[in-house]
Every structure is written in C-alpha cells, then in structure tokens.
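Every number in this text was worked out from the coordinates using simple rules, so none of it is lab data. Keep in mind that what you see is a predicted model, and the values were worked out from it rather than measured. Here the Cβ positions follow ideal geometry from the backbone for every residue, glycine too, while neighbour counts run over all protein chains shown.
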Amino acid sequence: MRKSSQIYQDDERFALAIGNVKFRNNFIVASGPTVKWKEQLVLAEESGWAGASLKLAFEPEPYISLPPRYRWFGKEKYHAFTAEKRLTFEQCLKLLEDGRKATRNLVLFANITYVGDKPGVTGWEDMARKAESAGAHAIELNMCCPNMSFNVALSEKTRTAQTGASMGQNATVVSMIVEAVKQAVKIPVFVKITPEGGRIAEVAKACYDKGADCVCSVANRLAIAEFDIENINQGPYRLQDEPTLACFSGPWIKPLALRDVYEIRRKAGKAPFLLGTGGIASARDAIQFIMCGADLIGVCTETMLHGFDFLPKWLKQMQEFMDRHGFKNYREFRDLAVDKITSADKLTLHGGYAEVDLDKCTGCGLCSAVGHCNAITIVDKQSRIDRKKCLACSTCVDVCPTGAIRMVATGVLEKKS
C-alpha cells in the first residue's frame, strides 16, 4: 500500500456542513474497491480526503459476490468490472468501528443495500440503526448498482426482486425508504440513485421531498466491453472466460455524469446538497461538476488507478482557479453553468465559413473526405474551400492534423420567430 507523499492543509473555502457533519473539503472517496480496508481509510485521510463511502454492504448475504475481475481500457478511457466481492454487513460494521478508531477527520459513510424479505422498509431501518451504532457519520442508501438485479433482469428469463439500479428508478419506493431511514437515525441520510431509466432528476426530487440530506448521482452504466470478433466465446477480462455485461466507469462517462448533476440541480433547486460522481480525473473536472450543481465530489476510478495522494494537487489547482476569479468559497461558483446551459431554440449562432492556411496545409485529404461536406476539394495537393457551399459546421477544423483550418465568423444569424 503506497504511503501518501503530499501534505494537505485544510482550506475553509472548501468546507461545508451537511446536518451535523462537517466536511473539510468537497472530496469523497466514492464507494468501491479503495474503501474496503482500514489501511485505505488511513491513507485517504492522510491525503486530505473529506470522507469515504465504504464498500457496498448487503444484508443478508449478496447473491452476486465473486472474486473481482477488472479491466482498464486505456485507449477508450473506461474501466469495467464484471465480478466483484462485496462486504457482508458484519464486515461493514467492523470496518466502521476500526475506521473510527484509526481516523480523526474522515467522514465515514455506511453504503448499504437491504435485499432480504423483512416486511416494508424495516430491513433498511435495521441496517441504518446498526451502522449508526457502529460509528457511521452518515448513511448512504445504495439504489444504483447496475450489475446487481439489473444485470440479472437483463440477462436471465426470471426476474428477481428489485434492488440496485432496478429499484433506483422507482421514485415512490426509493423515497419511501428514505423517509423511513430518516426517522430511524439521527445522522445524515444520503441516497445514491441511478441514471438508468432516464429518471434521475425525478427520483432525486422525491428523495429531497422526503427529507434526504443529500442525493448522490452516479454515472456508472451497465455496458458491454470491446471483445474479440474472431473468438466470441472469450470475453476481454483476464481470468474469466465468458463475455458479460459489466459496470462501466471512468473519464468517458463524464459528459453523461455532468448531465445527471445538472438535471438534478435544475429539478431540485438551489437549496439541497448534491454529491456528483462520474469520470472525475482532474481538478478541472471537479470544478465543472461544481459549476453544474455539485457540492461534494465523489471519486472512485481515479483512486483505483492512482491511489489517493493526487488530491492535494487538485485542491491547490482549485485554489489557484478561485484566486484567479476572486471566488471566496466554492458556493460562489457552484451552479454557474446551470443557468448557462441553453436550449437549442435559444442558441446564438454565427454565420461563417472555413478558411485554409495554405502554408500549413499538407494536402492530406482528411478534410475533403468529410462525408456531409461538399465544399472542400484538393487542388495541387492543397485544400480549397468553397465559401458558398461551406456549412460552417467546423468538422474540417477538428480532423485537420496540422491546424491549417480555422473558422471565420461573418455575423450573428437572425433567429427565427
């Protein structure tokens, strides 16, 4: 286990309090493989993380709990896992107790899912009470994992009882559980919901209405990884034979995750707390999430790939950003993008055309091959653009390997009434 090599100093500009819990900054180690041992929690605290949501724990024993199989697809920038070992609830309670003894400033979340047959919501309530007694600072209700019942339901003929992402799409059920757990414990209740089904903002609003202290977006998607078309029986995962649906995360998913955070903030308004996750791999990513409405930032995949001690660098870069723009705290730039996201009917478009710098053009022909354009030809081994035919779409700028093409604006286009 790598020792933290950077020193972190608290900065009140990033601090916030949710209920009776204070966070030293915006960053949480999101629930996953890097929060299942006491030693990981110690390293996270030493690196300055504000909190850690423990590895998902089930009650009773999970029906899918296997030795982990992961793949990092570097070119595509996505991480995938097919099999995963969850914590039993007893292991979760022990980790909470050990974690509280080993750390001082780290906010510990019990990330829990009830999958038993107790009537109503009593199973969730019992788990929450026990986690609170074991030392949890907050409860995180897991309604999101896409490779739980959702995987089974998609892959098998027989549907199982709803859990994870299958349950997380049902605003009525999720909010009912939130309300019951809020009444059962005194610590803050977070609820982690799914983007599967396209109803994340609606479900989030229902949770807030029932008293959730914070809603956690999650960008993980159930998907199929790259596979060998010459050997369809062999999946891409090492030490695993078959191809399968997998839980996907990593930088590729950030645009979808930003949308989730934005939609929740727009639906819920400015008051509630929101934890955003999904593809965050830099300070710039974190700033974008805050601008789209997030208060807390959850990071998982990046900690799996690089450990914990990149956080002081990120926080320093965020401090520099705030200094450049004169922001006194993170709330001053939270939501800045929310009111800037513009619907298609209200966009301001500029007329124009593409222009070639002949000194840079090599005549490679990539621009003239663009399938939706008939304005570009290659003459004497150089690109020529017919301004009258140019759509001003700018695809040629993106495909040019030498930066020889630029867009020239001719004025704002008149909007149709």
Inset, instruction - Determine which aspartates and glutamates satisfy two conditions relative to K254: a Cα distance under 19 Å, and not lying fewer than 8 residues away in the same chain. - result: E76, E196, E263, D285, D295, E302, D335
Legend entry - Qualifying GluC sites (Glu not before Pro) in the range 317-417, DSSP loop, other Cβ atoms within 10 Å at most 12: E414
Inset, instruction - Select one label from (1) 42, 26, 22; (2) 35, 24, 21; (3) 87, 32, 24: the one whose number is semi-axes √(5λ) of the Cα gyration tensor in Å as derived from the coordinates shown. - result: (1)
Inset, instruction - For K415, go through the lysines and keep the ones whose alpha-carbon is under 27 Å away, minus same-chain ones fewer than eight residues off. - result: K340, K346, K388, K389
Inset, instruction - Work out the length of the dipole vector of the range 12-332 about its Cα centre, built from +1 on the beta-carbon of each Lys and Arg and -1 on the beta-carbon of each Asp and Glu, and round it to the nearest 20 debye. - result: 760
Legend entry - Span-like helix ranges in the chain, DSSP H, alpha carbon extent 15 angstrom or more, Kyte mean at least 0.5: 171-184
Legend entry - Pairs from K130/K270; K22/K75; K85/K130; K38/K328; K75/K270 whose Cα-Cα separation, in the structure shown, is over 28 Å: K130/K270; K22/K75; K38/K328; K75/K270
Inset, instruction - Express in whole angstrom the spacing between the alpha-carbon centres of the range 339-417 and the range 211-250. - result: 37
